[in-house]
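None of the figures in this text is laboratory data; all of them are computed from the coordinates on show. The model shown is predicted, which means the values in this text are computed figures rather than measured ones. Ideal geometry is used to build each Cβ from the backbone, glycine not excepted, and the neighbour counts take in all protein chains shown.
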Amino acid sequence: MIHSLPLAFLLTNSDGSPMSFMELFQNGGPVMWAILLLSFIALTVVIERILFIIRENASREPEVVASMLERVEKNNISGALELGKKSKDTVARILVYSLTNREYSLSNAFIRASGQELARYQQGMAVLDTAITAAPLLGLLGTVTGMMRTFSALNTGGGSIGDAAGQITGGVAEALIATCCGLFIAVCCLLPYNYLNARTEQAKQEISDASHALEILIAKSDAEKSAGR
């Protein structure tokens, strides 16, 4: 009998009207509360990360970074620092810290500064990764509880046929709703997660390029100073 029930019938009320959002939530079973909490956490992280990316894009000043590297090439370190300290650009801040501590260890200073900046890009990524993994599992849990409810109704000998049919359709609907919601949350989290990962990789590439350029220009400047002597 279960296999002959159409999906539309499982997701409608007893009077034939389609279920509202709240009715779908209630019919999804107890696991829907965990899915709802997970969706709120994931949505908060996504909004915060998108706002972060917007702020970072607005503060980018690649021309300042290029000017700083030009001054480093001319051995005008103080001028490069003066220019970089006025900028909010991520790469410019890394260059400022690296040049300030260049006499001690340029490479270690660059690694430390870049690590701190990249950590800002990676905040919240673990939460989204968890949501992508946990949401389908919660949906699967809802499927199991719904099927348990269905088989429990099938094994019940007492009661009217109408009551048994209602319990069966309720269990199948619980399984379908929970699974659908879990997969929906996972897909919705996957899209921003991949975008944020791509944006982090782009930042890593830009920082790596600046690191190589700074190292080459400082070595070139030191070689020219040695030759001038």
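Here, segment 19-224 has an Rg and a Dmax of 27.3, 96 Å when only alpha carbons are counted.
How would Ser67, Ser114 line up from fewest to most surrounding beta-carbon atoms within 10 angstrom? If you can, show how the numbers build up before the last one.
Details: Ser67 17, Ser114 22.
Taking fewest neighbouring Cβ atoms as first place, the list is Ser67, Ser114.
Candidate cross-link partners of Lys220 among the lysines, defined by an alpha-carbon separation under 20 Å and a same-chain spacing of 8 or more, comprise Lys74. A simple packing score, the average count of other Cβ atoms within 10 Å per residue, orders the peptides 100-112, 34-46 as 34-46, 100-112, with the highest score first.
When Rg and the Kirkwood radius Rh are both evaluated on Cα atoms of segment 58-120, their ratio Rg/Rh stands at 0.95.
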